Amino acid sequence: MIGQRRLVPVSRTAVLAAGAVLMFFVSVLLGSYTVTIPDFFTIVANHLTGGPGIPGASFIVMQDKLPRAVVGAMIGTAFGLAGALFQTMLRNPLASPDVIGISYGASAGAVVAIVIFGAAGVAVSGAAMAGALAVAALIYALSSGGTARGNAAGNRLVLAGVGIAAALQAVVSFLMTRADIRTAADALVWLNGSLNSANWDRAGILFLALGVLLPAVVVIAGPLRILELGDDTAAGLGIRVNAARLALVVVAVTLAAVATAAAGPVSFVAFLAGPIARRFTGKASLPASALVGALIVLAADYFAANVAPLLLGGTVLPVGVVTGALGAPFLLWLLVTANRKDA
């Protein structure tokens, strides 16, 4: 009986993995240009061996669809892990990079680079990452002062993040009103979160970053589980609470910053992934959260690029618009259910 119970979360995580893989191939094979499975493997094999490709199809698959799906899967994984780390560590479903200001830090950094310095491409991504890391450091410094511990310290971090996010949103709005129309349009596309700029160079950078960050997540997963029991219990079990929490914050913030730098602040993915994974598997699960994040981004991008134009007369939406539309009602539902439990 015990063995069967332990198999349930694993099997459900496997279902999520299968769903993410299926959505990945749907994104690559279907849509405005359909590619058959044999043609797909022929295109990839010829690309790797230098053989002749299929005219038209090879370019669409290798330069558009495949890098877009690869980048989407990786940023979804990064956002899902970042949100789950924050939510589990602070034991608060609202503690995600979207809510506590880290994404707004990236947005402010990017908009400053675009509007004031006329930056583009890699420079904007670098400014976004710098903004996210700087805001995260400020939030952590503000929340770690005093003698607050456990839930009190977590609540202070969330409140500090919400306050800083409001201030940064005002800064972004001011800069947008002062920019010319073309510059403001470029900034707005980035602020909505989009995979339109996905390419193999960006995928390579993300792959290297995740190659460092995913092993770090594995290392800190043990202390994270113990921190869920409370600061006093964790300290009694030999965990250096402050050092463990700082390591978790650094890894989670870097994951969010890397993903945001690659595709912009894709709204609510980090916020949605953890709670959905928890409800599906029955417990907090970092692998499940990563898979849910990838699944959300891939499904939302497919909808934005292929279904939305049919519904909106040809208008292609940025992926962040779709995830934002999913996140808003989920946030309201979460607040309503939390109020019922407290009543």
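The values are calculated or read from the model by the stated rules, or taken from the named source; none is laboratory data. Just so you know, these numbers come straight off a predicted model, no measurement behind them. FYI the Cβ positions are ideal-geometry reconstructions off the backbone, even for glycines, and counts take in every protein chain you see. The accessibility values were calculated without ligands, DNA or RNA, using every heavy atom of the protein model including side chains. Shrake-Rupley method; radii C 1.70, N 1.55, O 1.52, S 1.80 Å.
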Dimensions (Å) - the stretch 19-85, Cα atoms, principal axes, largest first: 45, 23, 16
Area accessible to solvent at MET89, 1.4 Å probe radius, in Å²: 10
Tilt relative to the chain, helix 150-178 - C-alpha long axis, 0 to 90 degrees, to 10: 40
Acute angle (nearest 10 degrees) that the helix 319-342 long axis makes with the longest principal axis of the chain, alpha-carbon atoms: 30
Accessible area of the stretch 214-343 belonging to carbon and sulfur atoms, whole % at 1.4 Å probe: 68
Degrees between helix 102-115 axis and first principal axis of the chain (Cα, 0 to 90, nearest 10): 50
Area of ASP232 that stays accessible when all protein chains are in place (1.4 Å probe, Å², to 10): 110
Alpha-carbon Rg with Dmax, taken over the chain, Å: 20.6, 67
The chain, relative contact order in percent, only Cα pairs under 8 angstrom and at least six apart counted: 29
For the chain, accessible area per residue (1.4 Å probe, heavy atoms of protein chains only), Å²: 48
Length added when fully stretched, ASN306-PHE330, from 0.36 nm per residue minus Cα-Cα: 6.3 nm
Length gained when the stretch ALA141-ALA45 is fully extended (0.36 nm per residue, less Cα-Cα span): 29.5 nm
Solvent-accessible area, 1.4 Å probe, carbon plus sulfur percent, for the stretch 4-76: 70
Heavy-atom accessible area ranking, 1.4 Å probe, most first, across ILE181, ILE43: ILE181, ILE43
Most positive-pole-ward Cα, VAL251, THR323, SER289, against dipole of the stretch 204-343 from beta carbon charges: SER289
